Amino acid sequence: MATTEGALVASTTRGCKALSLGGGVSTEIIGDGMSRAPVLHSPSIRVSQQIKQFIENNFHLFKASFESTSRFAKLQSITTHIAGRKLFLRFKCTTGDAMGMNMVGKGVEKALNIITEQFPETHVIALSGNVCTDKKPSAINWSEHFFTVHPTHGLKEKPIIIKKEVRAISRG
């Protein structure tokens with residue numbers, strides 16, 4: 001863990017120790033991806049719909065543009081959410097072994113140029129809009145199977161370890 005936040009390191013260490021004393025944890029990864037979700041402003045809902053259709057029909061252009069910015073970033077999908085003249089795009093990609101948020105931002109920015117060239121009356125409001133959940137748990141990530149890890153067993157049966165090592169009380 002690369003941090004200088006002492007409380008975070010201490011808390012993580014206690015949690016890892018408790019998991020180890022409890023016999024470890026097995027997990028299954030059912031989805032892996034990094035997302036960036038820019039928001040655009042178009043002149044009308046009709047143009048928003050046209051952009052959505054353009055993206056769906058020309059994904060290969062966006063993929064090539066995005067992937068031209070990195071050897072490691074691979075664009076998997078783009079989903080669109082229209083809210084009137086606002087268009088929220090959600091780019092899902094993989095970034096190899098890197099966390100890759102800067103890599104993804106660079107690729108998304110280049111891919112957005114395709115939209116602003118095709119639809120010059122549309123402009124990017126922000127590289128990170130309301131459906132971007134950078135470093136935060138979110139139901140949209142679970143429902144779209146982004147990076148999702150499910151423990152197959154854990155400390156539920158060992159409340160004494162939780163109380164002693166994590167300094168918390170198990171309820172359930």
- If Lys and Arg each add +1 and Asp and Glu each add -1, what is the summed charge of the other residues whose beta carbon sits under 13 Å from the beta carbon of residue 87? +3
- Round to the nearest 0.05 the FRET efficiency obtained for residue 113 and residue 27 when R0 = 30 Å and r is the Cβ-Cβ distance. 0.20
- Using the count of nearby Cβ atoms within 10 Å as a rough guide to exposure, how do 32, 97 rank from fewest to most? 97, 32
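Take the Cα radius of gyration of the range 14-98 and divide it by 2.2 N^0.38 Å, with N its residue count; two decimals is plenty.
Output field value: 1.58.
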- Residue separation times 0.36 nm, minus the C-alpha to C-alpha distance between residue 77 and residue 12: what's the value? 20.1 nm
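For a Förster distance of 41 Å, can you work out the FRET efficiency between the beta-carbons of residue 5 and residue 64, rounded to the nearest 0.05? All intermediate terms of the calculation are to be shown ahead of the outcome.
Values: r = 40 Å, r/R0 = 0.97.
E between residue 5 and residue 64, to the nearest 0.05, is 0.55.
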- Message: Given R₀ = 30 Å, what would the calculated FRET efficiency be for residue 50 paired with residue 97, taking r from the Cβ atoms and rounding to 0.05?
- Response: 0.20
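Any read-out appearing in this document is the output of simple, stated calculations on the displayed coordinates, not a laboratory observation. Not measured: the values here are computed from a predicted model. When we count neighbours, we look across all protein chains shown, and the Cβ atoms used for this are built from the backbone with ideal geometry, even at glycine.
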